1. How would you classify the stretch 78-231 from its alpha-carbon gyration tensor, with a ≥ b ≥ c the square roots of the eigenvalues: rounded for a/c under 1.5, else prolate if a/b is greater than b/c, otherwise oblate?
2. How long are the semi-axes of the equivalent ellipsoid of the stretch 172-223, taking √(5λ) for every eigenvalue λ of the Cα gyration tensor, in whole Å from largest down?
3. Where the centre of each part is set by its Cα atoms, how far does the stretch 165-182 sit from the stretch 62-116, in angstrom?
4. Which distance in Å, rounded to a whole number, links the C-alpha centroids of the stretch 138-154 and the stretch 247-276?
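Derivation of every value follows stated rules applied to the coordinates shown; laboratory data play no part. The structure presented is a predicted model; accordingly, all values stated were derived computationally and were not measured.
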Amino acid sequence: MSTTEPPPASGRPGDGTARRPAGGTAREPATTARPNPARPAPETALPAPATAHPELLDRWNALLISAREGADGPDPAPYGEDLLGRWAEPHRRYHGTAHLRAVLDRLDELAAQLPPEREAGPGTGTGADAGPDLVAVRLAAWFHDAVYRPDRSENEERSARLAERALPEAGVPAARTAEVARLVRLTVTHDPAGDDLDGELLCDADLAVLAGTPEQYAHYAAEIRQEYAFVPDAAFREGRSAVLRQLLGLPHLFRTDYARDHWEPAARHNLTTELGLLEA
């Protein structure tokens, strides 16, 4: 479960799948290995996600080509278009394209602060002396909420399985694909091991929203509530308050030195303010 969202609430009809009022699957992962760029036309004319966000598609294309390490592969664009379509699904409020862009930008910010000896490494991102596999971390950012439905609990697992199917066919080596899937699954807890630099970078970038300005944080909190509008107010307040108390009880919200120095104070202030409002 994402640590930014409330725990499951009871009282919602079941359909045989695990449910929760925070983080879920917007749709089932594709049944084929290659993402299918074909999508049903919406009832109202909307710009295609790739057309609306050409800079994100450019970033994806360059990233996927880099991930192949010089090997040939299929056109990266259909994969990026499919992912952008997922991120632009209409039921999303916070977990949409803006969140994807923010996580990628925060990753760039964190990567720029790495000491020279850790900027590049063997590509594992784990171990005391290992440098990060920034390509894998960025790929994980693209996939970490690719499958998202607020009323289900298996979003991260389904997102990881989507990566495990799509990336090999897209030409990404098996070891890097495995690292991407591991990182996506790590966003259930945002609790990387102390020697897991890849995990630290992804989790800190994903939680950086907590350190926004008061106005930005209020907007984020409002979007979370909109995504879980099906949860009654009392249940939402109870669940969300429990998450906020759990976060505030942690020794550190962030794992990298840069994030602790630059984001932790603002994040704790925002969490404390929201908790006070919920419990008022």
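1. Details: a/c = 1.96, a/b = 1.32, b/c = 1.49.
Oblate is the answer for the stretch 78-231, as a/c is 1.5 or above yet b/c matches or exceeds a/b.
2. Rounded to whole Å, the semi-axes are 27, 12, 9.
3. One Cα centre to the other: 14 Å.
4. Measuring centre to centre over Cα atoms gives 23 Å.
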